[in-house]
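Please read the structure below before turning to the comments.
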Amino acid sequence: MTTDLPTLRKTIEDALRHYQPEQSATSQSLIDAMRYASLGGGKRIRPMLVCATCTGLGGSLADALAPACAVEYIHAYSLIHDDLPAMDDDELRHGLPSTHVKFGEATAILAGDGLQSLAFDTLANAPNVAPAIRLRTVQLLSRAIGWEGMVGGQSFDLEATGKRLSLTELQTLHAAKTGALIKVAVQIGAVFAGTEQTQPEAFVLLSEFADRLGLAFQVIDDVLDVTQSTEVLGKPAGSDGKAGKSTFPGLLGVEPAQEMAEALLAEALPMLSRIGLQHNQLAELANLAIVRDH
(Lines give C-alpha, C1' and ligand atoms only; values in the text may rest on other atoms or scores of the structure.)
Protein backbone atom coordinates (compact mmCIF):
# COMPACT_ATOMS: atom_id res chain seq x y z
CA MET A 1 0.00 0.00 0.00
CA THR A 2 1.37 3.38 -0.93
CA THR A 3 1.30 6.44 1.29
CA ASP A 4 -1.53 7.81 -0.87
CA LEU A 5 -4.03 5.10 0.05
CA PRO A 6 -3.66 5.34 3.84
CA THR A 7 -4.12 9.10 3.54
CA LEU A 8 -7.20 8.56 1.40
CA ARG A 9 -8.61 6.10 3.91
CA LYS A 10 -8.08 8.57 6.76
CA THR A 11 -9.81 11.30 4.75
CA ILE A 12 -12.77 8.98 4.17
CA GLU A 13 -12.94 8.06 7.86
CA ASP A 14 -13.16 11.75 8.73
CA ALA A 15 -15.89 12.30 6.13
CA LEU A 16 -17.91 9.33 7.39
CA ARG A 17 -18.02 11.00 10.79
CA HIS A 18 -18.77 14.40 9.31
CA TYR A 19 -21.88 13.33 7.41
CA GLN A 20 -23.40 11.43 10.32
CA PRO A 21 -25.43 12.86 13.20
CA GLU A 22 -23.98 12.49 16.66
CA GLN A 23 -27.03 13.28 18.76
CA SER A 24 -30.79 12.90 18.57
CA ALA A 25 -33.45 14.22 20.90
CA THR A 26 -35.75 11.33 19.99
CA SER A 27 -33.58 8.28 19.24
CA GLN A 28 -30.05 8.47 20.63
CA SER A 29 -29.77 4.69 20.78
CA LEU A 30 -30.47 4.57 17.05
CA ILE A 31 -27.74 7.12 16.31
CA ASP A 32 -25.32 5.22 18.54
CA ALA A 33 -26.06 1.99 16.67
CA MET A 34 -25.66 3.64 13.27
CA ARG A 35 -22.29 5.08 14.24
CA TYR A 36 -21.18 1.80 15.81
CA ALA A 37 -21.95 -0.12 12.63
CA SER A 38 -20.45 2.36 10.17
CA LEU A 39 -17.44 3.72 12.06
CA GLY A 40 -16.23 0.65 13.92
CA GLY A 41 -13.93 -0.85 11.31
CA GLY A 42 -13.78 -2.21 7.80
CA LYS A 43 -11.45 -2.02 4.82
CA ARG A 44 -13.26 0.96 3.21
CA ILE A 45 -12.65 -0.57 -0.22
CA ARG A 46 -15.92 0.68 -1.69
CA PRO A 47 -15.59 4.38 -0.77
CA MET A 48 -11.94 4.28 -1.77
CA LEU A 49 -13.04 2.96 -5.17
CA VAL A 50 -15.38 5.93 -5.56
CA CYS A 51 -12.62 8.39 -4.75
CA ALA A 52 -9.88 6.66 -6.73
CA THR A 53 -12.07 6.46 -9.82
CA CYS A 54 -13.16 10.08 -9.60
CA THR A 55 -9.67 11.50 -9.08
CA GLY A 56 -8.10 9.09 -11.55
CA LEU A 57 -10.39 10.57 -14.19
CA GLY A 58 -9.48 14.13 -13.24
CA GLY A 59 -12.29 14.78 -10.78
CA SER A 60 -12.02 16.36 -7.34
CA LEU A 61 -11.47 14.35 -4.17
CA ALA A 62 -13.54 16.88 -2.25
CA ASP A 63 -16.46 16.27 -4.61
CA ALA A 64 -16.07 12.48 -4.34
CA LEU A 65 -16.29 12.27 -0.55
CA ALA A 66 -20.06 12.63 -0.19
CA PRO A 67 -20.86 9.86 -2.69
CA ALA A 68 -18.08 7.74 -1.20
CA CYS A 69 -19.70 8.03 2.22
CA ALA A 70 -23.09 7.23 0.74
CA VAL A 71 -21.75 3.98 -0.69
CA GLU A 72 -20.12 3.03 2.62
CA TYR A 73 -23.31 3.76 4.57
CA ILE A 74 -25.12 1.36 2.24
CA HIS A 75 -22.43 -1.25 2.82
CA ALA A 76 -22.72 -0.83 6.60
CA TYR A 77 -26.50 -1.17 6.45
CA SER A 78 -26.16 -4.35 4.40
CA LEU A 79 -23.79 -5.88 6.93
CA ILE A 80 -26.12 -5.09 9.83
CA HIS A 81 -28.98 -6.86 8.10
CA ASP A 82 -26.71 -9.65 6.83
CA ASP A 83 -25.70 -10.51 10.40
CA LEU A 84 -29.26 -10.67 11.77
CA PRO A 85 -30.61 -13.97 13.13
CA ALA A 86 -33.10 -14.06 10.24
CA MET A 87 -30.23 -13.85 7.73
CA ASP A 88 -26.73 -15.23 8.44
CA ASP A 89 -27.05 -15.11 12.24
CA ASP A 90 -23.47 -13.97 12.83
CA GLU A 91 -22.51 -12.53 16.20
CA LEU A 92 -19.16 -11.00 15.23
CA ARG A 93 -18.23 -8.27 12.74
CA HIS A 94 -14.85 -6.49 12.42
CA GLY A 95 -13.76 -8.33 15.56
CA LEU A 96 -16.59 -6.76 17.60
CA PRO A 97 -20.09 -7.89 18.56
CA SER A 98 -22.49 -7.53 15.64
CA THR A 99 -24.87 -4.60 15.86
CA HIS A 100 -27.85 -6.75 16.86
CA VAL A 101 -25.78 -8.33 19.64
CA LYS A 102 -24.65 -4.95 20.93
CA PHE A 103 -27.92 -3.02 20.62
CA GLY A 104 -30.65 -5.62 20.21
CA GLU A 105 -32.29 -6.93 17.09
CA ALA A 106 -34.97 -4.24 16.73
CA THR A 107 -32.51 -1.34 17.04
CA ALA A 108 -30.14 -3.06 14.61
CA ILE A 109 -32.88 -3.32 11.97
CA LEU A 110 -33.71 0.35 12.43
CA ALA A 111 -30.01 1.31 12.33
CA GLY A 112 -29.72 -0.40 8.95
CA ASP A 113 -32.80 1.44 7.74
CA GLY A 114 -31.37 4.70 9.07
CA LEU A 115 -28.04 4.21 7.30
CA GLN A 116 -29.78 3.48 4.01
CA SER A 117 -31.78 6.69 4.35
CA LEU A 118 -28.65 8.62 5.34
CA ALA A 119 -26.86 7.30 2.26
CA PHE A 120 -29.41 8.69 -0.15
CA ASP A 121 -29.70 11.96 1.77
CA THR A 122 -25.91 12.37 1.61
CA LEU A 123 -25.82 11.59 -2.10
CA ALA A 124 -28.80 13.77 -2.99
CA ASN A 125 -27.19 16.73 -1.21
CA ALA A 126 -23.63 16.23 -2.42
CA PRO A 127 -22.01 19.67 -2.73
CA ASN A 128 -20.43 21.31 -5.76
CA VAL A 129 -22.06 19.16 -8.45
CA ALA A 130 -24.97 19.67 -10.82
CA PRO A 131 -28.40 18.28 -9.87
CA ALA A 132 -28.23 15.97 -12.90
CA ILE A 133 -25.14 14.31 -11.43
CA ARG A 134 -26.88 13.74 -8.12
CA LEU A 135 -29.96 12.33 -9.81
CA ARG A 136 -27.96 9.99 -12.03
CA THR A 137 -26.00 8.56 -9.11
CA VAL A 138 -29.14 8.15 -7.00
CA GLN A 139 -30.57 6.12 -9.88
CA LEU A 140 -27.43 4.01 -10.19
CA LEU A 141 -27.18 3.33 -6.47
CA SER A 142 -30.86 2.51 -5.98
CA ARG A 143 -30.76 0.01 -8.84
CA ALA A 144 -27.52 -1.55 -7.62
CA ILE A 145 -28.83 -2.24 -4.12
CA GLY A 146 -32.45 -3.10 -4.94
CA TRP A 147 -34.29 -6.15 -6.18
CA GLU A 148 -32.04 -6.49 -9.23
CA GLY A 149 -28.85 -6.07 -7.21
CA MET A 150 -27.73 -6.44 -3.62
CA VAL A 151 -31.12 -7.18 -2.04
CA GLY A 152 -32.03 -9.56 -4.84
CA GLY A 153 -28.72 -11.33 -4.38
CA GLN A 154 -29.35 -11.70 -0.65
CA SER A 155 -32.75 -13.19 -1.41
CA PHE A 156 -31.17 -15.63 -3.88
CA ASP A 157 -28.60 -16.52 -1.23
CA LEU A 158 -31.30 -17.34 1.33
CA GLU A 159 -33.27 -19.44 -1.14
CA ALA A 160 -30.13 -21.30 -2.21
CA THR A 161 -29.11 -22.30 1.32
CA GLY A 162 -28.81 -26.08 1.51
CA LYS A 163 -28.66 -26.41 -2.28
CA ARG A 164 -25.66 -27.04 -4.48
CA LEU A 165 -25.50 -24.26 -7.05
CA SER A 166 -23.72 -24.50 -10.36
CA LEU A 167 -20.74 -22.22 -10.94
CA THR A 168 -22.87 -20.05 -13.23
CA GLU A 169 -25.60 -19.75 -10.61
CA LEU A 170 -23.07 -18.87 -7.92
CA GLN A 171 -21.52 -16.20 -10.12
CA THR A 172 -24.98 -14.75 -10.80
CA LEU A 173 -25.76 -14.70 -7.09
CA HIS A 174 -22.61 -12.85 -6.12
CA ALA A 175 -22.67 -10.47 -9.09
CA ALA A 176 -25.82 -9.16 -7.39
CA LYS A 177 -25.16 -9.64 -3.68
CA THR A 178 -21.52 -8.46 -3.60
CA GLY A 179 -20.53 -7.27 -7.03
CA ALA A 180 -23.31 -4.75 -7.65
CA LEU A 181 -22.19 -2.40 -4.87
CA ILE A 182 -18.54 -2.63 -5.90
CA LYS A 183 -19.49 -1.93 -9.51
CA VAL A 184 -21.66 1.04 -8.65
CA ALA A 185 -18.92 2.50 -6.45
CA VAL A 186 -16.70 2.72 -9.53
CA GLN A 187 -19.54 3.98 -11.69
CA ILE A 188 -20.48 6.73 -9.23
CA GLY A 189 -16.87 7.89 -9.10
CA ALA A 190 -16.87 8.09 -12.89
CA VAL A 191 -20.15 10.02 -13.00
CA PHE A 192 -18.88 12.55 -10.46
CA ALA A 193 -15.82 13.04 -12.68
CA GLY A 194 -18.11 13.72 -15.65
CA THR A 195 -16.87 10.69 -17.56
CA GLU A 196 -20.15 8.94 -18.38
CA GLN A 197 -21.11 11.77 -20.73
CA THR A 198 -17.71 12.83 -22.03
CA GLN A 199 -15.99 9.42 -22.30
CA PRO A 200 -18.67 6.72 -22.61
CA GLU A 201 -16.12 4.13 -23.72
CA ALA A 202 -14.15 4.69 -20.52
CA PHE A 203 -17.34 4.34 -18.48
CA VAL A 204 -18.03 0.96 -20.10
CA LEU A 205 -14.45 -0.21 -19.50
CA LEU A 206 -14.62 0.84 -15.85
CA SER A 207 -17.91 -1.02 -15.44
CA GLU A 208 -16.39 -4.17 -16.93
CA PHE A 209 -13.32 -3.77 -14.72
CA ALA A 210 -15.59 -3.47 -11.67
CA ASP A 211 -17.64 -6.54 -12.69
CA ARG A 212 -14.52 -8.66 -12.58
CA LEU A 213 -13.23 -7.04 -9.40
CA GLY A 214 -16.50 -7.63 -7.58
CA LEU A 215 -16.56 -11.31 -8.47
CA ALA A 216 -12.88 -11.77 -7.61
CA PHE A 217 -13.44 -10.04 -4.27
CA GLN A 218 -16.17 -12.54 -3.38
CA VAL A 219 -14.12 -15.52 -4.51
CA ILE A 220 -11.33 -14.44 -2.15
CA ASP A 221 -13.86 -13.90 0.65
CA ASP A 222 -14.96 -17.50 0.19
CA VAL A 223 -11.35 -18.72 0.17
CA LEU A 224 -10.50 -16.80 3.34
CA ASP A 225 -13.61 -18.17 5.05
CA VAL A 226 -12.07 -21.66 4.91
CA THR A 227 -8.37 -20.79 5.24
CA GLN A 228 -8.28 -18.14 7.98
CA SER A 229 -9.30 -18.05 11.63
CA THR A 230 -12.09 -16.07 13.23
CA GLU A 231 -9.46 -13.91 14.94
CA VAL A 232 -7.88 -12.94 11.62
CA LEU A 233 -11.17 -12.43 9.78
CA GLY A 234 -12.92 -10.51 12.54
CA LYS A 235 -16.06 -12.54 11.81
CA PRO A 236 -16.95 -16.22 12.26
CA ALA A 237 -14.75 -18.43 10.07
CA GLY A 238 -16.35 -21.31 8.18
CA SER A 239 -19.83 -19.87 8.60
CA ASP A 240 -20.87 -20.35 4.97
CA GLY A 241 -20.09 -24.03 4.99
CA LYS A 242 -21.85 -24.54 8.30
CA ALA A 243 -24.90 -22.75 6.93
CA GLY A 244 -25.05 -25.05 3.92
CA LYS A 245 -24.19 -22.39 1.34
CA SER A 246 -22.48 -22.98 -1.97
CA THR A 247 -19.06 -21.36 -2.18
CA PHE A 248 -16.36 -21.10 -4.80
CA PRO A 249 -13.88 -23.30 -2.85
CA GLY A 250 -16.69 -25.77 -2.25
CA LEU A 251 -17.37 -26.05 -5.96
CA LEU A 252 -13.84 -25.71 -7.31
CA GLY A 253 -11.43 -26.37 -4.44
CA VAL A 254 -9.35 -23.79 -2.61
CA GLU A 255 -6.46 -23.50 -5.06
CA PRO A 256 -8.61 -23.37 -8.21
CA ALA A 257 -10.80 -20.73 -6.57
CA GLN A 258 -7.69 -18.68 -5.77
CA GLU A 259 -6.57 -19.09 -9.37
CA MET A 260 -10.00 -17.96 -10.57
CA ALA A 261 -9.71 -14.74 -8.57
CA GLU A 262 -6.22 -14.10 -9.92
CA ALA A 263 -7.43 -14.71 -13.49
CA LEU A 264 -10.27 -12.23 -13.02
CA LEU A 265 -7.79 -9.65 -11.74
CA ALA A 266 -5.53 -10.32 -14.72
CA GLU A 267 -8.48 -9.63 -17.03
CA ALA A 268 -9.51 -6.48 -15.15
CA LEU A 269 -6.24 -4.58 -14.83
CA PRO A 270 -5.49 -4.12 -18.56
CA MET A 271 -8.85 -2.36 -18.91
CA LEU A 272 -7.54 0.43 -16.69
CA SER A 273 -4.46 0.93 -18.85
CA ARG A 274 -6.72 1.52 -21.85
CA ILE A 275 -8.41 4.46 -20.09
CA GLY A 276 -5.34 6.50 -19.24
CA LEU A 277 -5.98 7.27 -15.59
CA GLN A 278 -4.03 10.04 -13.86
CA HIS A 279 -2.75 7.70 -11.11
CA ASN A 280 -2.70 3.98 -10.32
CA GLN A 281 -4.83 3.90 -7.16
CA LEU A 282 -7.59 1.83 -8.80
CA ALA A 283 -5.08 -0.84 -9.76
CA GLU A 284 -3.60 -0.76 -6.25
CA LEU A 285 -7.04 -1.16 -4.71
CA ALA A 286 -7.84 -4.05 -7.04
CA ASN A 287 -4.66 -5.83 -6.00
CA LEU A 288 -5.37 -5.15 -2.32
CA ALA A 289 -8.87 -6.56 -2.70
CA ILE A 290 -7.48 -9.87 -3.99
CA VAL A 291 -4.15 -10.17 -2.13
CA ARG A 292 -5.35 -9.99 1.47
CA ASP A 293 -5.76 -12.15 4.56
CA HIS A 294 -9.11 -10.84 5.83
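The values are calculated or read from the model by the stated rules, or taken from the named source; none is laboratory data. Everything numeric here is computed off the predicted structure, so don't read it as measured data. Backbone-built Cβ (ideal geometry, glycine too); neighbour counts: all protein chains shown.
So here's what we get for this one:
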{"read-out": "Qualifying residue in region 48-69 (condition: out of contact with any Pro (no Cβ under 6 Å at 6 or more places or on another chain), in a helix (DSSP H, G or I) and closer than 29 Å to Glu159 by Cα)", "value": "no"}
{"read-out": "Residue that is nearest to Gly241 (Cα to Cα), among those in region 144-162 that are free of Cβ contacts under 8 Å to residues at least 24 places away in the same chain and within 16 Å of the chain's Cα centre (by Cα)", "value": "Val151"}
{"read-out": "Count of residues meeting criterion [within 14 Å of the chain's Cα centre (by Cα) and more than 10 Å from Leu264 (Cα to Cα)] in region 201-215", "value": "1"}
{"read-out": "Test: residue in region 189-203 that is closer than 29 Å to Ser142 by Cβ, touching a residue at least 24 places away in the same chain (Cβ under 8 Å), of a type outside the set (S, T, N, Q) and not in a helix (DSSP H, G or I)", "value": "yes"}
{"read-out": "Matching residues in region 234-272 - criterion: being touching a helix residue (DSSP H, G or I) at 6+ places or on another chain (Cβ under 8 Å), farther than 17 Å from Ala216 by Cβ and assigned to a loop (DSSP other than H, G, I, E, B)", "value": "Pro236, Ala237, Gly238, Lys245, Ser246"}
{"read-out": "Positions within region 232-264 being among the hydrophobic types (A, V, I, L, M, F, W, C), within 20 Å of Leu173 (Cβ to Cβ) and in contact (Cβ under 8 Å) with a residue 12 or more places away in the chain, in sequence order", "value": "Ala243, Phe248, Leu251, Leu252, Val254, Ala257, Met260, Ala261, Leu264"}
{"read-out": "Residue check for Tyr36: out of contact with any Lys or Arg (no Cβ under 8 Å at 6 or more places or on another chain) and assigned to a helix (DSSP H, G or I)", "value": "no"}
{"read-out": "Residues of region 28-68 classified as over 25 Å from Leu233 (Cβ atoms), crowded, with 18+ Cβ neighbours inside 10 Å and free of Cβ contacts under 8 Å to residues at least 60 places away in the same chain, total", "value": "1"}
{"read-out": "Odd one out for Asp225, checked against (1) over 23 Å from Ala66 (Cβ atoms); (2) modelled with pLDDT of 95 or more", "value": "(2)"}
{"read-out": "Where Ala15 falls short, out of the listed (1) among the small types (Gly, Ala, Ser); (2) at pLDDT below 95; (3) over 29 Å from Trp147 (Cβ atoms)", "value": "(2)"}
{"read-out": "Search result, residues across region 91-106 that are within 28 Å of Val50 (Cα to Cα), part of a loop (DSSP other than H, G, I, E, B) and in contact (Cβ under 8 Å) with a residue 24 or more places away in the chain", "value": "His94, Gly95"}
{"read-out": "Filtered residues of region 104-129 (kept if surrounded by 17 or more Cβ atoms within 10 Å (Cβ to Cβ) and of a type in the set (Gly, Ala, Ser))", "value": "Ala108, Ala111, Gly112, Gly114, Ala119, Ala126"}
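Condition check ((1) of a type in the set (Gly, Ala, Ser); (2) assigned to a helix (DSSP H, G or I)) across all residues:
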| site | (1), (2) |
| --- | --- |
| Glu148 | no, no |
| Gln154 | no, yes |
| Arg164 | no, no |
| Ala175 | yes, yes |
| Thr178 | no, yes |
| Leu205 | no, yes |
| Asp211 | no, yes |
| Phe217 | no, yes |
